[in-house]
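The values are calculated or read from the model by the stated rules, or taken from the named source; none is laboratory data. It should be emphasised that the depicted structure is a prediction, and the values quoted were computed from it without experimental measurement. Note that each Cβ is placed from the backbone with ideal geometry, even for glycine, and that neighbours are counted across all protein chains shown.
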Amino acid sequence: VTAREFRRAAKKAAQILGRADKILILSHTAPDGDTIGAAYALCSALQKMGKKARTECGDILPAKYEYLFSKVDFPAFEPELVVAVDVASKNLIGDALSGYQDRVALCIDHHPSNTFYAGFTLLDPDAAATCELIYYLLGILNVKIDRYIAECIYTGVATDTGCFRFSNTTPTTLRVAAEMIERGADSATINKILFDTVSRERLRLETLALETLEYHFGGAVAIVCVSLEMCKTAGVTETDLEGLPSLPIKIEGVAAGVTIKEKEDGVMKISLRTTGAVNASQVCASLGGGGHARAAGCQVEGTMQEAREKILEELSKYLGKK
Ligand SMILES: [Mn+2]
């Protein structure tokens, strides 16, 4: 989209929001800081405009975002407008809220994979986070960004850029973040909560996983394995597993970091992270999966050992001899 087309679409989105009085905002399942930050920032802003607004998510929100979700009260109402934020396809609304899947009148998103399931979609695939779009919309709606909204928006842009480290970080991202700090967002505290705190269970699991670490192709590939048994021993929950696939790619000299996670007996989930020449999406596509050039995944049947052989075989097409 051109900047002009985007501005026009943003005005239309602001009109849709401005016309409604009872607004429900939906986040995607397996909620992250962007979908939660966007939903709560928009909800709080609409309430400041004198509207009834509340948010819902098909999954329980991770406890670490409590500093966002514990601060807004929700009135009860039958929604006249359903909005989805950071939700690329309607199945990501989840089974628990499936009744809303075909009722989304407005979707605000930045995923290039958005399926245009909503009545109207405000999409900017160049934005690092949906929260950047929320910031822009609040400007059109003339809502003053207070400290709470600033912390919601900061959370979204920080989450989706890995605390401003990923290549999707743009000057706009940093300007939005800077303005949120000016408006009172406590960035140091939020960064500590989001990026520098691990649960004891997660640390225990990492210790167990690292015991399985193997190098191949002269150190260009690192593989770690996570069995159900290890998860049980460590006592981890689903949220504790978030970001685990970025563990092996951190190692110096590694071009492809592989994490093999036992989903159930005989079903292995392979997560691949790459730098440089290896296209993760292509490698995983040949095993029936998909994703992005630097981060992709697939699911294979068999034992852990068989999954390791399969992914090494695919990687050998790029890296030569094991
Ligand atoms: Mn996002």
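In a residue-by-residue description of the stretch 62-79, the property of being within 16 Å of the ligand (Cβ to nearest atom), outside any helix (DSSP H, G or I) and buried (at least 17 other Cβ atoms within 10 Å of the Cβ) applies to at least one position. For the stretch 30-50, a residue qualifies if it is more than 16 Å from the ligand (Cβ to nearest atom) and buried (at least 19 other Cβ atoms within 10 Å of the Cβ), and the qualifying residues are Cys43, Ser44, Ala45, Leu46. Within the option set Val87, Val157, Val104, Val82, being in contact with a strand residue (DSSP E or B) (Cβ under 7 Å, 6 or more places away or on another chain) and within 12 Å of the ligand (Cβ to nearest atom) holds for one residue only, Val87.
Taken together, the criteria exclude Lys144 from residues that are assigned to a helix (DSSP H, G or I), at negative phi and among the basic types (Lys, Arg).
Scanning the stretch 217-247 for residues that are touching a residue at least 60 places away in the same chain (Cβ under 8 Å) and touching a Ser or Thr at 6+ places or on another chain (Cβ under 9 Å) yields Phe217, Ile223, Cys225, Ser227, Thr239. Taking residues in the stretch 176-187 that are within 15 Å of Cys131 (Cα to Cα), and partners anywhere that are surrounded by 15 or more Cβ atoms within 10 Å (Cβ to Cβ) and of a type in the set (Asp, Glu), the pairs with Cβ atoms closer than 6 Å and at least 6 places apart or on different chains are Val176/Glu132; Ala185/Glu151.
Being of a type in the set (S, T, N, Q), exposed (fewer than 15 other Cβ atoms within 10 Å of the Cβ) and without any contact (Cβ under 8 Å) to a residue 60 or more places away in the chain: is that true of Thr207 here? Yes: the conditions hold for Thr207.
Comparison of Gly119, Gly162 shows that the only residue that is small (Gly, Ala, Ser), surrounded by fewer than 22 Cβ atoms within 10 Å (Cβ to Cβ) and either touching a Gly at 6+ places or on another chain (Cβ under 8 Å) or over 30 Å from Asp186 (Cβ atoms) (or both) is Gly119.
Of the residues that sit in the stretch 205-221 and are farther than 20 Å from Lys263 by Cα and of a type in the set (A, V, I, L, M, F, W, C), which one is farthest from the chain's Cα centre (by Cα)? Selected residue: Phe217. The numbered conditions (1) within 11 Å of the ligand (Cβ to nearest atom); (2) surrounded by fewer than 21 Cβ atoms within 10 Å (Cβ to Cβ); (3) of a type outside the set (Lys, Arg); (4) at pLDDT 95 or above are all true for Leu133 except (2). Check whether at least one residue in the stretch 14-25 is within 15 Å of the ligand (Cβ to nearest atom) and surrounded by fewer than 17 Cβ atoms within 10 Å (Cβ to Cβ), and report yes or no. There is no residue in the stretch 14-25 that is within 15 Å of the ligand (Cβ to nearest atom) and surrounded by fewer than 17 Cβ atoms within 10 Å (Cβ to Cβ).
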